[in-house]
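**Q** Handing you this structure, nothing more for now.
The values are calculated or read from the model by the stated rules, or taken from the named source; none is laboratory data. Note that the structure is predicted; figures quoted are calculated from it, not measured. Glycine also receives a Cβ, built like all others from the backbone with ideal geometry; neighbour counts cover every protein chain displayed. These accessible areas exclude ligands, DNA and RNA; they are computed on the full protein's heavy atoms, side chains included. Shrake-Rupley method; radii C 1.70, N 1.55, O 1.52, S 1.80 Å.
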Amino acid sequence: MDFAFTFLTSLAIVFLGLIILLVIGVIYFEFSNSDIPPGVAGPGKLRTIHCILIGIAVVGRILHNLSICNLLTFTRFIRDKLLVRKLGDDPKLFIKNLQFDGIPVRVYQPRAPSAGGRKGVIFFHGGGWMFGSIDSYDGLCRYISKGVESVVVSVGYRLAPEHRYPAAFEDCLNATIHFLQTAQEYGVDASSIIISGDSAGGNLAAAVCQALVERTDLPKPLAQVLIYPAVQAVNFHLPSYTQNRAVPILYRERAVFYIINYIDGDLDMMEEVLNGDHVPVELKLKFRKWLGVENIPDEFKVRGHDLRVMSSHDEDVYEAHMKALETHLSPLLAEDSVISQQPKTYILTCEFDVLRDDGILYKKRLEDHGVPVTWYHVKDGFHGIISFFDSGKLSFESGKLAVDNIVNFINGI
């Protein structure tokens with residue numbers, strides 16, 4: 001009995017040791033293939049965050065392969081639950097979990113009385129339409145609500161791959177419509193509602209604002225706040241995509257993976273999508289006036305850019321990914337009549353982010369049609385930096401400054 005126990009214990013230790021070595025090996029491989037460019041904020045902290053995220057993914061994959069736990073379930077639990085600080089009650093806010101038209105939301109309402117209708121902010125979280133949650137953005141929404149003395153509604157939209165496009169968009173649109181219709185119940189002036197989101201949430205915010213153009217029965221949004229938004233799935237060779245292709249925490253290939261996953265495309269065709277083979281030549285020519293590199297200021301090309309002309313097209317690839325060209329997924333491609341009716345806009349971009357040029361191109365498109373745009377560029381920022389505005393030792397001053405700038409913008413409109 002003692003021998004068997006000793007043998008099994010030793011076997012378990014060896015097995016655990018092999019897992020640890022495997023995790024370390026994969027982290028080192030990813031670490032050595034990442035690019036932490038000069039000038040990025042807190043390079044040591046960024047590497048630490050990157051290693052944590054890689055470690056979660058590796059352990060999740062091992063548990064998945066051993067049939068112990070589903071990879072996606074494990075990753076979401078660790079990232080959106082275990083790593084999130086539980087903040088409890090807030091003396092300045094009433095916080096309630098509700099449902100808007102069947103969609104989970106969390107409402108943050110200032111306790112202090114207001115002389116009139118407050119501003120309202122509806123927020124769509126990031127996470128590649130696949131991760132992120134109301135809980136993981138709880139701290140940010142509390143901060144905005146208190147900083148603006150506004151009612152903030154955080155939307156828990158459905159995630160891929162369980163719910164593919166356009167599920168997330170439909171949830172965000174329906175939650176927004178519900179809020180516009182019931183704003184007075186929360187002490188909000190329905191004509192003073194701001195639609196906002198970061199990353200995939202910024203994509204959803206832009207798409208929702210466009211969808212509301214044709215709703216004459218609803219109050220118009222006061223503004224939209226787009227935080228490093230993804231607004232096009234046509235050209236993945238923009239300068240920011242090539243310059244920052246291996247900068248944590250969003251690699252170029254990972255960004256495209258999220259899009260393909262969201263629209264239920266074919267991940268085996270990722271290389272073809274990266275090369276633009278999913279876009280017919282006649283549409284490439286049409287979209288060039290909005291996506292051409294000449295629309296990007298020269299200061300954002302000094303770190304180099306890909307001058308290739310995307311002339312190839314594969315009909316099978318197009319058929320599998322044509323949803324990527326719909327405006328609910330690529331709002332940059334909307335017609336002029338829709339763009340010109342967008343509300344006052346705030347766009348935040350980060351220098352070391354593959355999505356930087358998406359924001360810059362959308363800014364130009366809006367401005368060309370007379371839409372007022374406030375642009376805040378985080379010169380040392382990376383994708384996701386606002387999520388670390390208040391994360392203890394892993395906080396970034398640039399992230400805090402960016403969040404404060406957003407609060408100042410909302411206060412000023």
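**Q** Scanning the stretch 301-317 for residues that are of a type outside the set (Lys, Arg) and modelled with pLDDT under 70, which turns out farthest from residue 284 (Cα to Cα)?
**A** Selected residue: 307.
Yes/no matrix, rows are residues, columns are (1) free of Cβ contacts under 8 Å to residues at least 24 places away in the same chain; (2) within 21 Å of residue 303 (Cα to Cα); (3) out of contact with any Gly (no Cβ under 9 Å at 6 or more places or on another chain); (4) surrounded by 18 or more Cβ atoms within 10 Å (Cβ to Cβ):
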position: 262; (1), (2), (3), (4): no, no, no, yes
position: 266; (1), (2), (3), (4): no, no, yes, no
position: 271; (1), (2), (3), (4): yes, no, yes, no
position: 278; (1), (2), (3), (4): no, no, no, yes
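**Q** Further, regarding this structure: For the stretch 70-125, how many residues meet the condition of being touching a Leu at 6+ places or on another chain (Cβ under 9 Å) and of a type in the set (Gly, Ala, Ser)?
**A** Adding up the residues that qualify gives 1.
**Q** Shifting gears a bit: Does the stretch 338-350 contain any residue that is small (Gly, Ala, Ser), in a loop (DSSP other than H, G, I, E, B), over 22 Å from residue 306 (Cα atoms) and touching a residue at least 60 places away in the same chain (Cβ under 8 Å)?
**A** So in the stretch 338-350, the residues small (Gly, Ala, Ser) come out as 340.
Adding the requirement that they be in a loop (DSSP other than H, G, I, E, B) leaves 340.
After this cut, where a residue has to be over 22 Å from residue 306 (Cα atoms) as well, the list is 340.
Still in the list and also touching a residue at least 60 places away in the same chain (Cβ under 8 Å): none.
Looking for residues that are small (Gly, Ala, Ser), in a loop (DSSP other than H, G, I, E, B), over 22 Å from residue 306 (Cα atoms) and touching a residue at least 60 places away in the same chain (Cβ under 8 Å), one finds none in the stretch 338-350, hence no.
**Q** I've got another one for you. Within 27 Å of residue 167 (Cβ to Cβ) and either open to solvent by 70 Å² or more (accessible area, probe 1.4 Å) or not acidic (Asp, Glu) (or both) - does that describe any residue in the stretch 292-300?
**A** Taking every residue of the stretch 292-300 in turn, none turns out to be within 27 Å of residue 167 (Cβ to Cβ) and either open to solvent by 70 Å² or more (accessible area, probe 1.4 Å) or not acidic (Asp, Glu) (or both).
**Q** Quick one: in the stretch 360-393, of everything that is in contact with a strand residue (DSSP E or B) (Cβ under 9 Å, 6 or more places away or on another chain) and aromatic (Phe, Trp, Tyr), which residue is farthest from residue 337 (Cα to Cα)?
**A** 382
**Q** Further question: With respect to residue 198, is the statement that it is more than 30 Å from residue 154 (Cα to Cα) and either open to solvent by less than 40 Å² (accessible area, probe 1.4 Å) or modelled with pLDDT of 95 or more (or both) true?
**A** It is false that residue 198 is more than 30 Å from residue 154 (Cα to Cα) and either open to solvent by less than 40 Å² (accessible area, probe 1.4 Å) or modelled with pLDDT of 95 or more (or both).
**Q** Being in a helix (DSSP H, G or I) and either out of contact with any helix residue (DSSP H, G or I) (no Cβ under 8 Å at 6 or more places or on another chain) or of a type in the set (Lys, Arg) (or both), is that true of even one residue in the stretch 226-241?
**A** no
**Q** Let me ask something else. Tell me which residues, restricted to the stretch 76-102, are touching a Phe, Trp or Tyr at 6+ places or on another chain (Cβ under 7 Å) and aliphatic (A, V, I, L, M).
**A** Within the stretch 76-102, 93, 95 meet the criteria.
**Q** Out of all the residues in the stretch 36-68, which are open to solvent by 60 Å² or more (accessible area, probe 1.4 Å), without any contact (Cβ under 8 Å) to a residue 12 or more places away in the chain and not hydrophobic (A, V, I, L, M, F, W, C)?
**A** 38, 43, 61, 64, 65, 67, listed by residue number.
**Q** Tally the residues that are crowded, with 18+ Cβ neighbours inside 10 Å and not aliphatic (A, V, I, L, M), restricting the search to the stretch 347-375.
**A** Number satisfying all stated conditions: 13.
**Q** Something else now. Evaluate the stretch 395-409: report whether one residue or more is touching a Cys at 6+ places or on another chain (Cβ under 6 Å) and crowded, with 21+ Cβ neighbours inside 10 Å.
**A** no
**Q** Tally up the residues in the stretch 102-149 that are more than 30 Å from residue 257 (Cα to Cα), at pLDDT 95 or above and not β-branched (Val, Ile, Thr), please.
**A** Here the count works out to 13.
**Q** Given the options 231, 152, name the one that is open to solvent by less than 10 Å² (accessible area, probe 1.4 Å), among the β-branched types (Val, Ile, Thr) and touching an Asp or Glu at 6+ places or on another chain (Cβ under 7 Å). Lay out the reasoning, then the answer.
**A** Values: 152 fails: touching an Asp or Glu at 6+ places or on another chain (Cβ under 7 Å).
Selected residue: 231, the only one of 231, 152 that is open to solvent by less than 10 Å² (accessible area, probe 1.4 Å), among the β-branched types (Val, Ile, Thr) and touching an Asp or Glu at 6+ places or on another chain (Cβ under 7 Å).
**Q** Among the listed residues 388, 352, 396, 382, identify the single one that is more than 24 Å from residue 207 (Cα to Cα), touching a Leu at 6+ places or on another chain (Cβ under 7 Å) and modelled with pLDDT of 95 or more.
**A** When all the criteria are applied, what remains is 388.
**Q** Shifting gears a bit: Yes or no: the stretch 182-194 includes at least one residue that is in contact (Cβ under 8 Å) with a residue 40 or more places away in the chain and under 30 Å from residue 321 (Cα atoms).
**A** No, because not a single residue in the stretch 182-194 is in contact (Cβ under 8 Å) with a residue 40 or more places away in the chain and under 30 Å from residue 321 (Cα atoms).
**Q** Quick one: what pairs do we get from the stretch 391-402, first residue within 18 Å of residue 82 (Cα to Cα), second surrounded by fewer than 21 Cβ atoms within 10 Å (Cβ to Cβ) and among the hydroxyl-bearing types (Ser, Thr, Tyr), C-beta under 8 Å, 6+ apart or different chains?
**A** 394/48
**Q** Looking at (1) of a type outside the set (A, V, I, L, M, F, W, C); (2) touching a residue at least 60 places away in the same chain (Cβ under 8 Å); (3) over 30 Å from residue 306 (Cβ atoms); (4) not in a strand (DSSP E or B), can you tell me which one residue 219 breaks?
**A** (2)
**Q** Still on this structure, I have one more. When residue 189 is evaluated against the numbered criteria (1) over 30 Å from residue 284 (Cα atoms); (2) open to solvent by 10 Å² or more (accessible area, probe 1.4 Å); (3) part of a helix (DSSP H, G or I); (4) of a type outside the set (Val, Ile, Thr), which criterion, by number, is the only one it fails?
**A** Every condition holds for residue 189 apart from (3).
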